[in-house]
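Trainee: Dumping the structure here so I can ask a few things about it.
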Amino acid sequence: MGILLSKSAPQLEREQGIKREEEQRRKELVDQPIIIDNLATHVRSCWQKAKTHRSKKSARLTKCLRLRQGKYHPEKLEKIRERGGSEAYMNLIGTKSQALKSWLSDLYASSSDKPFTIDPTPVPELDPNIQNEIIQTAIQVLAQTMPGAPEEMVMQMAGPLLEKHEERIKDEVKQESLARMERMSDYIEDIMSESNWREEFEEFLDDLGTYPFAVMKGIIYRVEKQASWQQNQQTGKYEVVVTDKISRRWKRVSPFNFYESPTMSKIGEGWTIEHLQFTAQDLSKMRKAPGYNSQNIESVLSEHRDGGLREWAFDSGEREKLEGKASSFDGSYDLIDGLEYSGTIQGKQLIKWGITRNIEDPYYEYPCTVVVVGQYTICARINSDPTGRPPYYASTFRTVPNSFMGEGLPEVLEDVQDAANAAIRSLINNMAIGGQPMVGIDVSRMQPGEKVTNLYPGKQFLYTSNAGQSGAGVNFFSPEIKSQELLNIYERFERYADEKSGIPAYAYGSDNAAGAGKTASGLQMLMNATSKGIKEIVRRIDIGVIEPMVTALYNSAMLDPDVSEDHKGDAKVKARGSDALMYKEATAMRQIEFMQMTNNPIDNQLIGIEGRLEMLGIAAKNSDFPSDRVVPTFDDFQQRQMANAQPGNDEASAPSAENSQQQ
């Protein structure tokens, strides 16, 4: 006998709702690859255009890397070996590149200075409600101080009072805005210091001294495990607590992996494609991440195990050899290649491809990010930046007008490097030839069986005198050594490298300074003149990397509900500039001189205690002192003065007695 199960109406409705959701989910999974893979077709079309455009320029990147490492081109090395002799390579380019990186790293690595400022926008006109409140307050004050005065007289006298109150309120608003942006600057600096910004920026500077361009990427949001130690209230022992935290990360993008559109001259003017490399574990974790297509990722993992997924790029073989990596042509390459497209796509196409969220205008070009592996789109989303700017930042050693690629330091010094190498090879060959005696032997006069090629001290040569030949059958001679002339030529080209690169040898500690560089004041003058070239490089980094990167962080913080409202406000990010970074020591000295100059009774009355404390705080901060612990605030100073002024306080009476003795 069967058992009849009865269900209530809510239970039946709930089960039917679950079935509908499952059917909808299955339907979405079936439709998802067909819809989104149209995006993959578009991205791969752009990828082919980018590769064709890069085919003429890819060899430049490989050449720059080879020059940086101090290696001959294989064809040139083969010709040198055919002629025989020295294969010496004086790596001037490597020295200059490392010096440039060290110089820039020292400028940006200050422990007390931020490479940026966040300035509030100019204070606008006051809100009409605030203006009406000021007017009413001023009229009430005048009416109380002038009872019975005519209304016209009160209104006439209220004008100056209104202007005074309005300026005071504007000043208060400005001071509050400055305080907010100071807190926002500290918040952004804290994010950068806790993230991988420093390490990635160091690699970016290395690329800047090696390739025709260098690229940074960010902000990249990642969920990471974070361990913290909390004290157990019962046992009193500290226990580890692991939580998931969304962190902000940056990435230095290798110039070999960054492909720009053929018409692009700077970031944001066209689409870009980054050549990505995943492990199977990376993709497996992405299946549960929001915004990723789990079914397409599973298809990618299945295809990878069946034979791998590879995106071939030009000159990848020589690049891998120079970088010391395993060749992608053998079976040791176990990575999965992907393409990340950043550019605009028409809303109508996005709707057609199945992306309808936040699409309001079908004919508007929406900034998007699409990640493709093989023939599958594993991620597609609208750019979250309010300005729509792609998350890439680029700079160059030397710009080329209307071109994304600039001119790399190795390219600037390539001809000088070749000439210096030729001079040093000739010098070594000449010294090798001239350092040993050369021997001329008349073999027709030697005894049969004589080993003329075997020379040793005390060797005897037996030879006969032929008719008409009275000279020796063996002659020793030495070729002329031109070492000094060849060394002068090499040193001349070494100085050319200083002039062409703008990075002289004395800038990184060499004692080869001549002329004015032999004195301290003359060397300082030379350094000031040299800094003009490095300032131009710093300025390009400020404009192309620092300002847009910090602006993206600022926009992210403004949209973050977890950031306190007293950090927020309307402001504009500005890089501190090359002058502020390069003349920190001179600025600190001028501040100290100004404090000494104003340390007199008249100036102290003009500046006041509050102004003096502000000057001390700035000087302490620029000297890498903990200014918040050394210099008190004005409120703390007033409280200390009031405490010392209380009756019976010995600390207060002692100075007064001393002052009376002096008087």
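The values are calculated or read from the model by the stated rules, or taken from the named source; none is laboratory data. Remember, it's a predicted structure, so these values are computed and weren't measured experimentally. Note that we place each Cβ from the backbone using ideal geometry, even for glycine, and neighbour counts take in every protein chain shown. In case anyone asks, the SASA skips ligands and DNA or RNA and just uses the protein heavy atoms, side chains included. Shrake-Rupley method; radii C 1.70, N 1.55, O 1.52, S 1.80 Å.
Trainee: Look at region 222-240 and say how many of its residues are free of Cβ contacts under 8 Å to residues at least 12 places away in the same chain and either of a type outside the set (D, E, K, R) or open to solvent by 100 Å² or more (accessible area, probe 1.4 Å) (or both).
Mentor: Number of matching residues: 9.
Trainee: Among the residues of region 276-298, write down those that are over 19 Å from Tyr221 (Cα atoms) and buried (at least 18 other Cβ atoms within 10 Å of the Cβ).
Mentor: Answer for region 276-298, where residues must be over 19 Å from Tyr221 (Cα atoms) and buried (at least 18 other Cβ atoms within 10 Å of the Cβ): Asn296, Ile297.
Trainee: So which residues in region 266-288 are farther than 16 Å from Thr344 by Cα, outside any strand (DSSP E or B) and in contact (Cβ under 8 Å) with a residue 60 or more places away in the chain?
Mentor: Leu283, Met286
Trainee: Tell me, which residue of region 315-354 that is open to solvent by less than 60 Å² (accessible area, probe 1.4 Å), aromatic (Phe, Trp, Tyr) and at pLDDT below 85 is nearest to the chain's Cα centre (by Cα)?
Mentor: The selected residue is Tyr333.
Trainee: Got a number for residues in region 104-137 being at pLDDT below 85 and within 30 Å of Tyr72 (Cα to Cα)?
Mentor: Number of matching residues: 0.
Trainee: Sticking with this one: Taking the conditions exactly as written (modelled with pLDDT under 90 and open to solvent by less than 40 Å² (accessible area, probe 1.4 Å)), does Arg66 satisfy them or not?
Mentor: Here the answer is no, as Arg66 does not meet what is asked.
Trainee: Here is a follow-up. When Ser510 is evaluated against the numbered criteria (1) modelled with pLDDT of 65 or more; (2) part of a loop (DSSP other than H, G, I, E, B), which criterion, by number, is the only one it fails?
Mentor: Condition not satisfied by Ser510: (1).
Trainee: A further question follows. Quick check on my filter: what residues within region 69-108 are on the phi < 0 side of the Ramachandran plot, surrounded by fewer than 17 Cβ atoms within 10 Å (Cβ to Cβ) and not in a helix (DSSP H, G or I)?
Mentor: Lys71, His73, Ser86, Glu87, Ala88
Trainee: Hey, which of the strands (runs of 3 or more DSSP E) in region 355-462, taking only ones fully inside, have at least 2 residues that are touching a residue at least 12 places away in the same chain (Cβ under 8 Å) and open to solvent by less than 40 Å² (accessible area, probe 1.4 Å)?
Mentor: 365-373, 376-382, 392-395
Trainee: A further question follows. Any residue in region 64-76 that's more than 16 Å from Ile424 (Cα to Cα): show its pairings with residues that are surrounded by fewer than 21 Cβ atoms within 10 Å (Cβ to Cβ) at Cβ separation under 6 Å, as long as the two are six or more apart or on different chains.
Mentor: Short answer, once both residue conditions are applied: Leu65/Leu322; Arg68/Gly94.
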